Amino acid sequence: MSLDRWGAGALILGSIAYITLMAVHPSHVGPPVLGHLSLSALVHGAALFINPVLAFGFVTLSLRLGLNRPLPLLSLVFYLFSAIVVMLAGTMSGLVIPEIIDAGDEPPRMLASATADPEARRMLLQTLAAYTVWLNRSFAQVYVALFSVAMVLWSIAWPARAFADWTVRTLGLLLGLGVLAWQLSGHLTMEAQHGALVVTLAHSLWTMLAASLLLRPKEA
């Protein structure tokens, strides 16, 4: 199998996986569903491993568009930074929040000695949990902006030779700029079953269409 087909498969697989994970994304940590892991931990853990797969696909796409050209290279840089930021967001929800919740039941020695009063400890953990949620949503907003900019730049750099090319190019511009406008309006919330799901569908739709370029033979 050629590199282009591997890249297309990575983009399609990663996009479908992201949509699925966002659709089942819980609104809270919840009880364990597999061993000691909650659904939240499984969702965020899987998302962390999907990001390198998508990164491989987008590197392949950028190579096809021409990394010697400024726009494909700049698009890839924006995407790679977005991938790092969204992994930080997933780490906050999937790893840090469960640790804070566990600390409420069995506080670490350092925390127990620092806050002997159970009520003070509870308030401290609530504050830490709220701070972690703010970090998660802030990272998610940055991710959405960076990915949307990357999508717009890829669309501008897209070689518009056929109707399908114009479709991918136009849709990328409309979806990317639309998401950015939604953010700038201040009405985009990163709740899993609301704004985040809509944005994931928009990004993933364009990504799967973009994979079509890698499945076509290269023009001489």
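Residues whose amide H falls under 5 Å from that of S38, counting only those 5 or more places apart or on a different chain, are V33, with hydrogens built in the peptide plane.
Place +1 on the Cβ of every Lys and Arg and -1 on the Cβ of every Asp and Glu in the chain, take the dipole about the Cα centre, and give the residue among F147, L180, L73 whose Cα lies farthest towards its positive end. It is L73, whose Cα lies furthest towards the positive end. Mean sequence separation of contacting Cα pairs (under 8 Å, at least six apart), scaled by the length of region 3-215, corresponds to a relative contact order of 30 percent. In this simple spin-label model, placing a label point 7 Å from the Cα along the Cα-to-Cβ direction at both V77 and A46 gives a separation of 3.5 nm.
Separation of region 47-89 from region 113-179 is 14 Å, based on Cα centroids.
Overall size of region 127-199 from C-alpha positions, given as principal axis extents largest first: 55, 19, 18 Å. Computed from the Cβ-Cβ distance with R0 of 41 Å, the FRET efficiency linking H187 to W6 stands at 0.60. Helices of the chain meeting both criteria, an alpha-carbon length of 27 angstrom or more along the long axis and an average Kyte-Doolittle score not below 0.5, with helices taken as full DSSP H segments, are 3-24, 39-65, 70-91, 118-157, 163-185, 195-215. Here the Debye sum runs over all C-alpha atoms of region 3-215 as equal scatterers in vacuum, and log10 of I(q)/I(0) at q = 0.14 Å⁻¹ comes out as -0.83. Taking 0.36 nm per residue of sequence separation and removing the Cα-Cα distance, the I19/W134 pair yields an extension gain of 39.1 nm.
No lab work stands behind these numbers, since they all come straight from the coordinates. Everything quoted here is computed from the prediction, not taken from an experiment. With ideal geometry, Cβ positions are generated from the backbone for all residues, glycine too; neighbour counts draw on all protein chains shown.
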